[in-house]
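Some notes on the structure that comes next.
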Amino acid sequence: MAPYLLLGFFIAGVLHVFVPQNFYRRYLSADNKLAVLWAALLGVPLPLCSCGVIPTAIGLRKEKASKGAVASFLIATPQTGIDSILATFSLMGLGFAIIRPVAALITGVCGGLLVNRLVREDDTMADAASTCQVEHGGRLWRVLKYAYYDMIRDIGLRLVIGLVVAALIQVAVPDEFFLQFGSQPLLQMFVILVIAVPMYICSTGSIPVAAALLMKGLSPGAALVMLMAGPAVNMASILVVNKALGRRFTSIYLLTIVGFAVGFGLLLNASGIELYTAASHEVCCTMASSLPSLYKIVCAVLLTLLITFALMMKFFSKFTNKTLAPDTVVYRVEDMHCSHCEAAVVRAVESVPGVKKAKASSSANTLTVEGSASEEDVRKAVEGIGYTFKGRIDC
């Protein structure tokens, strides 16, 4: 997976730096079917996880994006991304690499259309707020920093966990375990949903797990359910969406993801197409008969070093103890999981009158605010984008 991941991260960095925020807002503001389609099309290649997509979607809503477009973006985006599409191809073959983004696109569009029809305009937030983000440094530096530090810091641990879980499945699960469910594909999918929906797993981290389960006899349809429902939703995202966008919106959002995941899984099983046979055979034979090429080894070592560095920086940032300026206050903010969450909180707080500068840390659950803004104003800004504000921390 390493060469494809490194390439995917780089492309994600290019998208992040060179595609401006107002590009998305321009095509999502209309309350029609075309805006819903654009939202899904724009969301599919973006490397946002199920938590990172939420503040982005709420920001789009505050910029007057239609409620259906927001739903389409929320559903389609976390299921896949340019990095996970390439990684899916490397480990599971071309068939899964094609059907995964197509399923995400269709699911997002249908979910958005349902929200447009069933959710009233006043059921979701519509106040204006800025979503601009100021980044420093040249464009190439920002691309590389986002690709090989920010993204890896966000998903590195989950990717490692996914690889370890896949290895454990490969070794510990008997080859015939899933064969006992062979005549009950719905039961397989139900088991996968019970595990995948509450769990926080990124679109890339789900790939080795799904591949390992396929090798142990899981049906292709159930594996697709893992790839769709696992990254698209988790318990934290359900709670935040419910708080920020309303109960009816959340119900449609969740039922669309689960329903279409199962539907596509059943359709794949019924089609009889063996998407994984060639890819799994190639992977197994390569592992058994020959060592990886030097290029793959170099990529794997480089990716390992990048993950190690990013995770060490994230870990040690919890213990950084800097002397605070007289007008600086540290608050506790929960439900931040990645750099996108941090950026969303910083944007919201820096728009508060009196705030000179803000810095958020998802690893330490802290928000450092410099300026004269009151705690109540900071609370409103944080809670307005769906995060949990716990008040001042005494340093």
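Quick notes
- Percent accessible area from carbon and sulfur atoms, the range 294-385, protein chains only, probe 1.4 Å: 61
- For the range 293-309, 3J(HN,Hα) computed residue by residue from phi via the Karplus equation (6.51, -1.76, 1.60; θ = phi - 60°) reads 5, 4, 4, 5, 5, 4, 5, 5, 5, 4, 5, 4, 5, 5, 5, 4, 5 Hz, glycine and proline entered as x.
- With each label modelled as a point 7 angstrom along the Cα→C-beta vector, the Asp327-Ala172 pair spans 5.4 nm.
- Extension gain, Ala270 to Leu302: 0.36 nm times the residue separation minus the Cα-Cα distance gives 7.4 nm.
- Segments 216-226, 297-307 sorted - mean Cβ within 10 Å per residue, highest first: 216-226, 297-307
- Ranked by the mean number of other Cβ atoms within 10 Å of their residues, highest first, the peptides 199-211, 104-116 fall in the order 199-211, 104-116.
- The range 322-368 - convex hull of alpha carbons, volume per residue in Å³: 71
- Across the range 4-11, rounded Karplus estimates of 3J(HN,Hα) from the backbone phi angles (6.51 cos²θ - 1.76 cosθ + 1.60, θ = phi - 60°) give 6, 5, 4, 5, x, 4, 5, 4 Hz, Gly and Pro being marked x.
- Chain lengthening between Leu187 and Ser374 when straightened (0.36 nm per residue, less Cα-Cα): 62.0 nm
The values are calculated or read from the model by the stated rules, or taken from the named source; none is laboratory data. This one's a predicted model, so the numbers in the text were calculated from it and none came from an experiment. Quick reminder, even Gly has a Cβ in these numbers, built from the backbone with ideal geometry, and neighbours come from all protein chains shown. What goes into the accessible areas is simple: the full protein's heavy atoms, side chains included, and nothing from ligands, DNA or RNA. Shrake-Rupley method; radii C 1.70, N 1.55, O 1.52, S 1.80 Å.
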